[in-house]
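Enquirer: Attaching a single structure in structure tokens format; questions to follow.
The values are calculated or read from the model by the stated rules, or taken from the named source; none is laboratory data. Predicted, not measured: the structure shown is a model, and the values here were computed from it. Heads up, the Cβs are rebuilt from the backbone with ideal geometry, glycines too, and the neighbour counts pull from every protein chain shown. Surface areas here come from the heavy atoms of the whole protein model, side chains and all, with no ligands, DNA or RNA. Shrake-Rupley method; radii C 1.70, N 1.55, O 1.52, S 1.80 Å.
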Amino acid sequence: LAKTTQPISMDSYEGQEVNITCSHNNIATNDYITWYQQFPSQGPRFIIQGYKTKVTNEVASLFIPADRKSSTLSLPRVSLSDTAVYYCLVGEGGSYIPTFGRGTSLIVHP
Amino acid sequence: SQTIHQWPATLVQPVGSPLSLECTVEGTSNPNLYWYRQAAGRGLQLLFYSVGIGQISSEVPQNLSASRPQDRQFILSSKKLLLSDSGFYLCAWSADTRSSYEQYFGPGTRLTVT
């Protein structure tokens, strides 16, 4: 049973806000939600992590509703350079190693 | 600040030849280290991880092996490469086991087995 479900692909245009939603219906009490970004031919880059409510940094915002069964990564005013694959991971860390699925391929158009 | 290095960046090897990929981390001590492989258009497959010198955990049984001879050095090896070993190999580190979901990746090695 997959821990997370996210869209395979999304398209957007420069200057728009992009919201990528991840479903994690079986999230456990101790689990955190983590998002990575991967550009072609590069390793993934950790971008944000949260447990509940809202987390914001210089790259993105992460919205987590009270039931924590989903989360939304929000990228404000995307540019062409935001074209990448975005991975949503759920887990508590510790002895658990994250599993990277296929992620969401975001393509930003001019 | 912490830096992670991998080399070589690209590699073309014939079937049956040996492999050695190296990863080093700077600016941190006793990190957790990870080796992943990514096939074209796919997610990342965890191959090995290490919580300390000489401590290696294997996630996928195959013809690859890993070693950690020094605190910040992680090596991926094979005695005889298969065509199916082609892929993008990524090394990553995390500060400790508790932070295993906050990993920092190297630039990767693109391996083509011919």
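Enquirer: Excluding ligands and nucleic acids, what accessible area in Å² is computed for A:Asp31 using a 1.4 Å probe, to the nearest 10?
Expert: In the full protein context, A:Asp31 sits at about 10 Å².
Enquirer: Please compute the modelled spin-label separation between B:Ser99 and A:Glu58, points set 7 Å along Cα→Cβ, answer in nm with one decimal.
Expert: 1.8
Enquirer: Work out the mean other chain Cβ neighbour count within 10 Å for the residues of A:81-94 and drop it here as an integer. Please report the intermediate quantities before stating the final value.
Expert: Working: counts 0, 0, 0, 0, 2, 0, 2, 0, 2, 1, 2, 3, 8, 6.
Mean partner-chain Cβ count within 10 Å for A:81-94: 2.
Enquirer: Moving on to the next point. Please give, to one decimal in nm, the separation of the simple spin-label points placed at B:Ser20 and A:Ser9, each 7 Å out from Cα toward the Cβ.
Expert: Spacing of the two 7 Å Cα→Cβ label points: 4.2 nm.
Enquirer: Right, something else. Tally Lys/Arg at +1 and Asp/Glu at -1 over every other residue whose Cβ is under 15 Å from the Cβ of A:Gln16; what's the total? Intermediate results must be reported in sequence, preceding the final value.
Expert: On the way: positive: A:Arg77; negative: A:Asp11, A:Glu14, A:Glu17, A:Asp82.
Residues close to A:Gln16 contribute a combined charge of -3.
Enquirer: Residues with beta-carbon under 11 Å from that of A:Thr34, excluding A:Thr34: net charge, scoring Lys, Arg +1 and Asp, Glu -1?
Expert: Numbers: positive: none; negative: A:Asp31, A:Glu92, B:Glu102.
With Lys, Arg at +1 and Asp, Glu at -1, the net is -3.
Enquirer: Using a 10 Å cut-off on Cβ atoms, rank the peptides B:77-84, A:36-43 from the highest mean neighbour count down.
Expert: Details: B:77-84: 13.6, A:36-43: 17.0.
Listed from highest to lowest mean packing, they are A:36-43, B:77-84.
Enquirer: Which is farthest toward the positive dipole end of the stretch B:43-103 among B:Tyr49, B:Tyr101, B:Pro69, measuring Cα position about the Cα centre, with Cβ charges +1 (Lys, Arg) and -1 (Asp, Glu)?
Expert: The residue sitting farthest along the positive end of the dipole is B:Pro69.
Enquirer: Taking only protein heavy atoms into account and a 1.4 Å probe, give the accessible area per residue of the protein assembly as shown in Å².
Expert: Working: 10970 Å² over 224 residues.
With all protein chains present, the protein assembly as shown gives 49 Å² per residue.
Enquirer: Moving on. Using Cα springs under 10 Å in a Gaussian network model of chain A, which residue among A:Tyr32, A:Tyr96, A:Tyr87 shows the largest mean-square fluctuation?
Expert: Result: A:Tyr96 has the largest fluctuation of those listed.
Enquirer: Then there is this: Test of understanding: what is the full-extension gain from B:Gln62 to B:Gln45, defined as 0.36 nm times their sequence separation minus their Cα-Cα distance? Working shown, then result.
Expert: Details: separation 17, 0.36 × 17 = 6.12 nm, distance 1.25 nm.
Extra length from B:Gln62 to B:Gln45 when fully extended: 4.9 nm.
Enquirer: Take the alpha-carbon centre of the stretch A:10-44, take the same for the stretch B:28-50, and report the distance between them in whole Å.
Expert: The distance from the Cα centre of the stretch A:10-44 to that of the stretch B:28-50 comes to 19 Å.
Enquirer: Another question, if that's okay. Any idea of the total accessible area buried by the A-B contact, 1.4 Å probe, rounded to 100 Å²?
Expert: Values: alone 6560 and 6130 Å², together 10970 Å².
Answer for the A-B pair: about 1700 Å² buried.
Enquirer: Compute the FRET efficiency between B:Asn30 and B:Ser1 as 1/(1 + (r/R0)^6), taking r as their Cβ-Cβ distance and R0 = 22 Å, and round to the nearest 0.05. Working shown, then result.
Expert: On the way: r = 17 Å, r/R0 = 0.78.
In this case the efficiency is close to 0.80.
Enquirer: Only protein chains counted, 1.4 angstrom probe. Which residues of the stretch A:41-58 are at least 20 Å² less accessible in the assembly than when their chain is isolated?
Expert: Output list: A:Ser41, A:Gly43, A:Pro44, A:Phe46, A:Gln49.
Enquirer: If you take every residue apart from A:His109 with its C-beta less than 9 Å away from the C-beta of A:His109, what net charge results, scoring Lys and Arg +1 and Asp and Glu -1?
Expert: Details: positive: none; negative: A:Asp11, A:Glu14.
Charge balance in the 9 Å sphere: -2.
Enquirer: What is the distance in Å between the Cα centroid of the stretch B:53-114 and that of the stretch A:45-101?
Expert: 24
Enquirer: Residues of the stretch B:57-96 with accessible area at least 20 Å² lower in the all-protein-chain context than alone (1.4 Å probe)?
Expert: Hits at the 20 Å² cut-off: B:Phe88.
Enquirer: Here's something else I'd like to know. Tally up the carbon and sulfur contribution to the accessible surface of the protein assembly as shown as a whole percent, 1.4 Å probe, everything protein left in place.
Expert: Details: 5640 of 10970 Å².
Ligands and nucleic acids excluded, carbon and sulfur give 51 percent.
Enquirer: When Cβ neighbours within 10 Å are restricted to other protein chains, what is their mean count per residue of peptide A:98-105?
Expert: Numbers: counts 9, 5, 9, 3, 4, 3, 0, 1.
Other-chain Cβ atoms within 10 Å of each residue's Cβ, averaged: 4.
Enquirer: What dipole magnitude, in Debye to the nearest 20, does chain A give about its Cα centre under +1 on Lys/Arg Cβ and -1 on Asp/Glu Cβ?
Expert: On the way: 8 positive and 8 negative charges, 49 e Å.
With Lys and Arg at +1 and Asp and Glu at -1, about 240 debye.
Enquirer: Further question: If you count the DSSP beta bridges with both ends in chain B, what percent of them are antiparallel, to the nearest 5?
Expert: 90
Enquirer: While we're looking at this one, here's another question. Provide the solvent-accessible area of A:Arg45, counting protein heavy atoms only and rolling a 1.4 Å probe, rounded to the nearest 10 Å².
Expert: Surface open to solvent at A:Arg45 totals about 110 Å².
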